[in-house]
Every structure is written in C-alpha cells, then in structure tokens.
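For reference, the structure discussed in these notes is given below.
Rule-based calculations on the coordinates, nothing more; no lab input. This one's a predicted model, so the numbers in the text were calculated from it and none came from an experiment.
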Amino acid sequence: MRSYRLCRFLAASIILALGVGTARADEPQAPSKEELIKNLEKSLSGAKLTGRFTVKAKPDMAPAAEEYTITSARKLIDGDQWMITARIKYGQTDKVFPVPIDVKWAGDTPILTLDKVTIPGLGTFSTRVVIHGGLYAGTWQHDEVGGHLFGTIDKVDEAEEKKPQ
C-alpha cells in the first residue's frame with residue numbers, strides 16, 4: 001500500500017513538474033515587444049498628462065499642478081531611444097519641445113527615463129516615470145531641485161471633456 005501511494009505521489013509530481021512553465025491554450029499570451037511599443041506610441045501620442053508634483057526640499061508644500069500635452073511619441077530605430085514631442089507648461093514657459101527619452105520595460109510596464117538631458121531654455125532634467133493603467137507616477141530632478149510626480153493620462157479630447165466648466 002505504501003509503495004502504491006509513493007508511486008502515485010511520484011507520478012503526480014512528475015506530471016505537475018512537466019506542466020509548470022507550459023502555457024495553457026486558454027491563458028492570454030504576453031504581448032510581444034513590438035506590440036508593447038505600438039501600444040505605447042498609440043497611448044502617448046495625442047495624450048495629456050495632468051497631475052501634481054512635489055518638491056523634496058519643501059515637504060510641507062501642497063502638491064502643485066502640472067500638465068504636459070504629448071503631440072507625438074515614437075520609438076527610434078536604436079535601442080531604447082524614443083522621441084517625445086510635448087507641449088510643456090512650466091513657470092513662464094509654454095512651448096513645444098522635442099524630448100529624447102529612453103523607455104525601459106519592467107515586463108509590460110514602460111518606465112520613461114531621462115538622465116541629465118538639457119532642454120534649451122528650461123534646464124537639465126532627470127526622471128523615472130512609470131506608466132500603467134492610464135496613470136503615471138515617478139520622480140523628477142530639475143538641476144538641483146527634485147521630487148515626485150503623479151497623475152492621469154487621457155487622450156486630448158477626453159482631457160478637455162473632463163475639465164470643469
């Protein structure tokens with residue numbers, strides 16, 4: 001009796017071990033890198049990021065409003081490089097800038113990355129921004145000042161509809 005149980009246990013273990021790591025037909029497959037890229041280009045092009053930012057050196061300051069309108073987002077041929085064309089409202093500045101950015105991937109989640117990129121007339125910036133489910137959150141550094149940022153991502157038409165009248 002004991003050997004029968006042992007044989008059943010071993011057989012079940014082998015079947016289970018062989019089944020681990022094999023996708024079942026009814027399980028959704030992870031999107032390919034090409035699909036992820038196309039989806040990100042589509043979701044960011046014509047999008048408005050509306051949110052708030054904090055300043056690390058001012059912990060008692062209420063989060064301030066920020067807004068970016070991305071007219072286009074496209075992956076460049078080499079590596080992780082993208083070109084984001086965005087209208088940036090910052091202080092007295094309200095202009096459209098091409099911003100070279102790297103996009104790193106944590107599985108299917110994009111992380112927008114800047115490392116000491118100088119935007120003429122604005123300064124030098126570093127960021128790490130995670131995008132997921134129509135939301136964004138991350139960290140920012142502008143010259144010597146930095147903090148957190150977070151908000152929502154909507155298509156420009158949808159963002160205009162959400163504005164209070």
What do you get for Rg/Rh of the stretch 48-88 when both radii come from the Cα atoms and Rh is the Kirkwood radius?
-> 1.18
If the chain between residue 152 and residue 126 were fully stretched, how many nm would it gain, using 0.36 nm times the residue separation less the Cα-Cα distance?
-> 7.3 nm
For the stretch 32-162, the Debye formula with one identical point scatterer on each Cα and no solvent gives log10 I(q)/I(0) at q = 0.14, 0.22 Å⁻¹ as -0.61, -1.59
